[in-house]
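Written below as structure tokens is the structure these notes are about.
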Amino acid sequence: MRILVAGLNVFDSGKTWVSIAMYKAALARGFKPSIYKPVASFNLWFGYGTYMESMKRKLLLSNDVLLYENYLKVTDLSMVNPISIALAPLDPDKYRVQRAIESYHRDSQDLFQQIVLSRVSTCNGKTVHYIFPENLGKLSTIMESRVRELSLALGSTPSNIEEFKAFSCLCFERGGFNEVRGEIIRGIRLSYN
């Protein structure tokens, strides 16, 4: 049996806690449940503990996956959550200086404009971290500095948002990122093997 937990709110609607409760209930009834969060995103502004844990482990981890580890004793976090995405808040002052407040409102609605780091882990144990330099200039100086520190600890490779969008679309189209390994996207070979 498979159960999908979904919610209308992108953030903080209780999906993770419902999943944890269902897992524990299934376990108590003699089932052998497993949990999977194919894509997890989190905001570095609200997730300082997650930031520090990612720094310590040298693996980009979301708060949800750390909750799974804490409450469910899940161990292979990169397989439970193969794609992790770190967002950072945009600095409205950067847009004010450029006289582009309309762009600030538009970018605030587009999560791809807020992605600063990502992690992709494959079934064969390979993990690659990416940094998206094009979005760093939209952050406050302090936040940009923190993102760069974490990126250095993770050994991130520079990438760009358009490639990441194309990769994400292919993953959803093909039913998983293992199905798109080695694809050519806009002339750049993805190296997730």
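The values are calculated or read from the model by the stated rules, or taken from the named source; none is laboratory data. From a predicted model like this one, the values you see are computed outputs, not experimental measurements. Note: ideal-geometry Cβ built from the backbone for every residue, glycine included; neighbour counts use all protein chains shown.
Some points to look at:
- Among (1) of a type outside the set (D, E, K, R); (2) modelled with pLDDT under 95; (3) not in a loop (DSSP other than H, G, I, E, B) - the single one MET55 does not satisfy: (2)
- Residue count for the range 58-96 satisfying the condition of being free of Cβ contacts under 8 Å to residues at least 12 places away in the same chain and exposed (fewer than 14 other Cβ atoms within 10 Å of the Cβ): 5.
- Among residues of the range 17-48, those that are of a type outside the set (Phe, Trp, Tyr) and within 15 Å of the chain's Cα centre (by Cα), counted: 8
- Members of the range 17-52 that are β-branched (Val, Ile, Thr), modelled with pLDDT of 90 or more and surrounded by 15 or more Cβ atoms within 10 Å (Cβ to Cβ): ILE20, ILE35, THR50
- Scanning the range 124-139 for residues that are closer than 10 Å to SER151 by Cβ and out of contact with any Ser or Thr (no Cβ under 8 Å at 6 or more places or on another chain) turns up PRO133, LEU136.
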